[in-house]
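**Q** The following block contains the structure, expressed as structure tokens.
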Amino acid sequence: MAGTHTQAGRHDAGFTLAEVLVVVALIAVGTAVAIPVTMATVDRAKGDSAVSVTQAFVDGARDRAVSERRNIELRFESPNKLKLDRVEVPSGLKTQVGELQFEAGHEFHKFPGMPDTPDLFGAGSAIYFSGTGPWMFTSDGSLIDSAGDISNGTIFFGQPTKLDSARAMTIFGVTGLIRVWKWRGAQWSE
């Protein structure tokens, strides 16, 4: 019987059907857990990016008002644009000097039932400032309303269907300084 021999202890190479099914099941469970976690992480990252860009834009408006010694007016255009106008002295003529449009589906939005930030400047709408608009940064860096009074305010934004993207930005009128807030499921945090 040449050509046929059997070796004791030799196993056929390969996997059984049961082993393959267990591995496929483990991959499916891992994927089912990872996708929602990944999507929430992506939503939070997009929210962080949107608030960073908005903060830089508004900080730039304040800095421009101080350096040019001109009032810089903030204009909010729903659902997702923020524009800047330089107000000339003494004519009051306005020239648009900047525009920011939120990306990735973000817009001015306050989620229903969500509380105000700890600064308590946002009375209930997505864009809320004390006094009457328009609001503008002055040459000393403060934020004022149309009557020339100091104005504090909050801008809420996010992707309307994604709570993890909720962000807020408060502006302290006296100094024009900004504080950024992130929604963490039950409360706002810096």
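The values are calculated or read from the model by the stated rules, or taken from the named source; none is laboratory data. Owing to the predicted nature of the structure, the values given are computational and were not obtained by experimental measurement. Ideal geometry is used to build each Cβ from the backbone, glycine not excepted, and the neighbour counts take in all protein chains shown. When the accessible area is computed, the model is the full protein with side chains, heavy atoms only, and any ligands, DNA or RNA have been set aside. Shrake-Rupley method; radii C 1.70, N 1.55, O 1.52, S 1.80 Å.
**Q** Quick one: which of 54, 41 is without any contact (Cβ under 8 Å) to a residue 60 or more places away in the chain, closer than 18 Å to residue 158 by Cα and of a type in the set (Val, Ile, Thr)?
**A** 41
**Q** Could you give me the residue pairs with C-beta distances under 7 Å whose first residue belongs to the stretch 106-125 and is touching a residue at least 40 places away in the same chain (Cβ under 8 Å) and of a type in the set (Gly, Ala, Ser), whose second residue is surrounded by fewer than 19 Cβ atoms within 10 Å (Cβ to Cβ) and outside any loop (DSSP other than H, G, I, E, B) wherever it lies, and which are 6+ apart or on separate chains?
**A** Listed by first residue and then by second, the contacts come to 122/128.
**Q** Go through (1) within 19 Å of residue 157 (Cβ to Cβ); (2) open to solvent by 60 Å² or more (accessible area, probe 1.4 Å); (3) part of a helix (DSSP H, G or I); (4) acidic (Asp, Glu) one by one and return the number of the condition residue 63 breaks.
**A** The failed condition is (1).
**Q** If I go through the stretch 80-108 residue by residue, how many of them are within 22 Å of residue 45 (Cα to Cα) and surrounded by 14 or more Cβ atoms within 10 Å (Cβ to Cβ)?
**A** 10
**Q** Mind checking which residues of the stretch 66-92 are basic (Lys, Arg) and either part of a loop (DSSP other than H, G, I, E, B) or in contact (Cβ under 8 Å) with a residue 60 or more places away in the chain (or both)?
**A** Selection gives 69, 70.
**Q** Right, another one. What number of residues within the stretch 90-106 are within 24 Å of the chain's Cα centre (by Cα) and among the small types (Gly, Ala, Ser)?
**A** Count: 3.
**Q** Of everything in the stretch 140-158 that's part of a loop (DSSP other than H, G, I, E, B) and either open to solvent by 40 Å² or more (accessible area, probe 1.4 Å) or at pLDDT below 95 (or both), which residue is nearest to residue 60 (Cα to Cα)?
**A** Ranking the qualifying residues of the stretch 140-158, first place goes to 140.
**Q** Any chance the stretch 132-145 includes a residue that's in contact (Cβ under 8 Å) with a residue 24 or more places away in the chain and closer than 19 Å to residue 44 by Cα?
**A** Scanning the stretch 132-145, I find no residue that is in contact (Cβ under 8 Å) with a residue 24 or more places away in the chain and closer than 19 Å to residue 44 by Cα, so the answer is no.
**Q** May I pose another question? Please state which of the following conditions residue 111 fails to meet, knowing it meets all the rest: (1) open to solvent by 50 Å² or more (accessible area, probe 1.4 Å); (2) assigned to a loop (DSSP other than H, G, I, E, B).
**A** Only one criterion in (1) open to solvent by 50 Å² or more (accessible area, probe 1.4 Å); (2) assigned to a loop (DSSP other than H, G, I, E, B) is unmet by residue 111, namely (1).
**Q** Please work out which one of (1) buried (at least 22 other Cβ atoms within 10 Å of the Cβ); (2) within 13 Å of the chain's Cα centre (by Cα) is the condition residue 136 fails and give its number.
**A** (2)
**Q** Only one residue in 167, 179 is basic (Lys, Arg) and either outside any strand (DSSP E or B) or buried (at least 18 other Cβ atoms within 10 Å of the Cβ) (or both). Which one?
**A** One residue alone meets the criteria, 167.
**Q** Just need a number here: residues in the stretch 1-26 that are of a type in the set (A, V, I, L, M) and at pLDDT 80 or above.
**A** 9
**Q** State the number of residues belonging to the stretch 146-166 that are closer than 24 Å to residue 72 by Cα and in contact (Cβ under 8 Å) with a residue 12 or more places away in the chain.
**A** 11
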